Amino acid sequence: MPVITIKMYEGRTREQKDEIAKQVTKTMVDVAKTTEDHVWVVFEDMKKSDFAIAGQLQDEV
């Protein structure tokens, strides 16, 4: 069973997450030859202040 975790900045709408989940699931079914009911998509919303690139917190950019 594929479990796909998507980490991204908070602020995406429910509709955007729904579309992302549908597209990711379809791709896994097509490429990994699994079934939709076996694909789990987990969203982890992150605050920009909890994420750093090159040592710089992203809420400072």
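All of the numbers you see were taken from the coordinates with simple rules; none came from a lab. Just so you know, these numbers come straight off a predicted model, no measurement behind them. Note that we place each Cβ from the backbone using ideal geometry, even for glycine, and neighbour counts take in every protein chain shown.
In a helix (DSSP H, G or I) and loosely packed, with under 11 Cβ neighbours inside 10 Å: is that true of Asp37 in this structure? Yes.
Pairs linking a residue in region 30-52 that is in contact (Cβ under 8 Å) with a residue 12 or more places away in the chain and acidic (Asp, Glu) to a residue that is assigned to a loop (DSSP other than H, G, I, E, B) and loosely packed, with under 13 Cβ neighbours inside 10 Å, with Cβ atoms under 8 Å and 6 or more positions apart or on different chains, are Asp45/Glu10; Asp45/Gly11.
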